[in-house]
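Just so you know, all these numbers are worked out from the coordinates, no wet-lab data involved. Bear in mind the structure is a predicted one, so any value in this text is a computation, not a measurement. Backbone-built Cβ (ideal geometry, glycine too); neighbour counts: all protein chains shown.
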Amino acid sequence: MDLNSLRQFLVVARLEHLSGAAEELRVAQPSLSRTIARLESELGTPLFDRAGRLRLNDTGKLFRGHVERALGELEAGRRAVAEAAGEGFGTVRLASETFLTFTGPLAAYKQAHPDIEVELHQMPAADMARALHAQDVDLCAASQPVRGDGLESVRLLDEQVWLATPLDHPLAGRSSVTVDELAGEPFIAAHRGHWQRRLLDRLFAARDLAPRIVCEGDEVSAIAELIKAGLGIGLVPALARRTDSVASVAWIAVDSPDCRRALTLHWGAGSRLSTAARLMRTSLTDWNWTAA
């Protein structure tokens, strides 16, 4: 049961697709199939259900958790030895749904610690707990709950989310608006799974409504620009009001106490954070988010 076999198992477990895993790993599919078969033979039980498409079974899920923790500990040990050997503070790995929010604190961190390498990993909140347990990343920041045991967290920011409209929109002169009044309005929205889209869907679902989406995409930074262009309206966090890109839109409060977002920083409760990661955690928690 060598390390390479375990790493390959994790890719197959994540994708649940042999040819896709073989392509990502850049190995031949028959070779990868034999690796998984040998692993199952050593363990004495199947790790995948093969009726129809490949599916990780309950035993495979159990084994995956142990493999992630084991490989994560090895990587943490390698980094700790490198740090103890005087090779500098090393690298800090931060994951987030989007990094637009972090440009200020990341610039300040890099200026204060120029010798530390910063790795940024964009990922959905649903993948963050597993990435932390596997120690693929040191810290994760999300604007929606990160589900998983064995995590510690600190709230970085709690802010209002506003409705942004073009300046010539009929609602532009209003100070507030109800969700019912927004039924039928064209929304520029983030893709499903992003916190802004989840918030929009949740606000409408509470009124037994569904938003009318005319543009759905991965480029969250483009939402304000598309609103300025007159293509629709959208939800934008208060932090974005202090940027030049949204200076030419109207801001309207949504009459709902739930129209807010909370930005939270997470890390593994049992993990030994490197010096670089501890410095990053302190930098983010001490950052003046409301005045940034």
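Per 10 Å bin, what is the whole-percent P(r) computed from every C-alpha pair distance within region 158-261? Cα pair-distance distribution for region 158-261, in percent: 16, 56, 28, 1. Dipole of the chain (Lys/Arg Cβ +1, Asp/Glu Cβ -1, origin at the Cα centre): which of HIS66, ALA125, LEU47 lies farthest to the positive side? It is LEU47, whose Cα lies furthest towards the positive end.
Between helix 3-15 and the chain there is an angle of about 40 degrees, using the helix long axis and the longest principal axis of the Cα atoms. For LEU156, the residues whose amide H sits under 5 Å from its own are LEU263, THR264, LEU265, ignoring neighbours fewer than 5 places away on the same chain, with H placed 1.01 Å from N.
Reported to the nearest whole Å, the Cα centre-to-centre distance from region 201-275 to region 1-50 is 39.
The loop-placed trypsin sites (Lys or Arg not before Pro) in region 96-162, going by DSSP, that have at most 15 neighbouring Cβ atoms within 10 Å of their Cβ come out as ARG147.
Of all DSSP-defined beta bridges confined to the chain, some 55% are antiparallel rather than parallel. Helix 58-84 and the longest principal axis of the Cα set of the chain meet at an angle near 90°. Taken along the Cα-to-beta-carbon direction at a fixed 7 Å, the label points for ALA205 and ALA80 span 4.1 nm. Helices in the chain, meaning DSSP H runs of at least 4 residues, each add -39500 (n - 2.57). Divided by all residues, the mean residue ellipticity at 222 nm is -11500 deg cm²/dmol. Computed 3J(HN,Hα) for region 96-113, one whole-Hz value per residue from the Karplus formula 6.51 cos²θ - 1.76 cosθ + 1.60 where θ = phi - 60°, is 7, 5, 8, 10, 4, 5, 9, 4, x, x, 5, 5, 5, 5, 5, 5, 6, 10, glycine and proline marked x.
Computed from Cα atoms, the angle from the helix 275-286 axis to the main principal axis of the chain rounds to 20 degrees. Rounded to the nearest whole Hz, the Karplus-based 3J(HN,Hα) values (6.51 cos²θ - 1.76 cosθ + 1.60, θ = phi - 60°) of region 186-199 follow the sequence x, 9, 8, 10, 6, 5, 4, x, 6, 4, 5, 5, 4, 5, with x at glycine and proline.
For percent of Cα pairs over 29 Å apart, the candidate list reads [x] 27; [y] 48; [z] 45; the entry that matches the value derived from this model is [y].
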